[in-house]
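The values are calculated or read from the model by the stated rules, or taken from the named source; none is laboratory data. Since we're looking at a predicted model, the values are computed, not measured. Because the Cβ atoms are built from the backbone with ideal geometry, glycine has one as well, and the counts that use them run over all protein chains shown.
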Amino acid sequence: GLVRESVFVTELEKEFQARLGLNRSDSGTSIVSTTSTVGQWLASLNFADYESLFVNYGYDDLDFINGVLEEGDLVEMGVSNEKDREQILEAAKSLAAKVVKAYLPPPQPPASPPHNNNNNDDDDKGQTVDDWLTRLHLPQYQETFARHLYTDMDRVRRVWEVELTAVLEISRPGHRRRILASLPATRQPPSMDDITQDLSQLKNNIQQLKEEIKTKLPSNQSTPGSTGTLRHSHKKSRPAPPPPPLALSNGGAELEIREPSQLLVGVPATLTTQWRHRPHSLVTGHVTYVASYLGSTLVKELRGTESTKKSIQKLKKSSSTEDKDKVIPEIILTISFRGVKFLNPTNQELICEHEIRNIHCACQDAEDLTHFAYITKDHASKSHYCHVFCVNTMDQATEVILTLGQAFEVAYQMALREGCSLTNRGTNGHTRSRSV
């Protein structure tokens, strides 16, 4: 059975309801459930076969189905019968809805001056992240949130689903839905200001940690760079990262970019490494890979890397069930700070091109790490498409994903440099802009 923290009041309520006959159903479905597991509840609805689907998807706690479960979740987890979905959703309305009680609003607006409450600058006056996760019956994620610096509820309130997937690596959609459903509904999709603010805060946190480590290390700071671990050079010990210097040579040979650890906090260990290429290579040229192209799928609803992985699974299944003699075409991928180009391997002709600003949610498959994909947005049709690839080894796929991440960072720093350059030109009339 599911191991959860005891909640005595709830159990007493259920016992009283059972003794008063409140669990009696006149319509064949439970009005108030007195069962303690999702499996028992589903069995009472004659849907015992769906138990494994619910548990594997993350709907494994009866107290967190009402207010969280939606029809789209049932469709995705494999409940294909519409009448079954309707009956489950109707019955769920009679379950406890503890998700609405997990989050405790702060007693004063977060924007209030910190000096008015000097004893509670870093928390919500009683509710900590650990307390919130405990109230959600998800204490197993406490260490993960702390390790990735989600240590206060102000930061948690602004969490996005893509962070839950890519940073905190919460793989079960039901758990992610539970987390998001518990938070205030006023959250909006991230703007560039939000992203900049979060990156700035992340950089400050990393810088503080590095300064603390620096004070505890011997004066000799030279470390070998030949291992697979991250190397923090002496240049990075100052507040990072300022806009790139104006006196850089053309071509970006001296372009300074942040390390993967500063951008990809919480990614799998396979990506915890140094960049594989010099920034100069992505500015003046490109990096080339050969990959098998499984095809693309229309993404009807963008849900971060969850959508990417779903498309990978779909095309993997499709390619395995089709004609065994059918050859999956190989293409050449060239990656630069401008984007990704598909080339015909026989004649090097351009097949298509994706600008870096239109690429989203790049990741590897959760099961077979030789498969990877990314999502693009077609601005003409406003549609999203997921492009799926396969290479020979996991390391090759990891390198492609890492190179895409580096291309994003180089493009960002190039944009910063150009903006800084335009600002310093003043009013001499020489202005230009370029989207990257």
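Below, the figures for the structure above:
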| item | result |
| --- | --- |
| Set Gln188, Gln142, Gln201: member being at pLDDT below 70 and either under 21 Å from Val99 (Cβ atoms) or touching a strand residue (DSSP E or B) at 6+ places or on another chain (Cβ under 8 Å) (or both) | Gln188 |
| Check on Tyr289, within 18 Å of Met394 (Cα to Cα), assigned to a strand (DSSP E or B), assigned by the TED database to the domain that holds Ala411 and in contact with a Pro (Cβ under 6 Å, 6 or more places away or on another chain) | no |
| Some residue of the stretch 69-77 being surrounded by 16 or more Cβ atoms within 10 Å (Cβ to Cβ) and farther than 17 Å from His175 by Cβ | no |
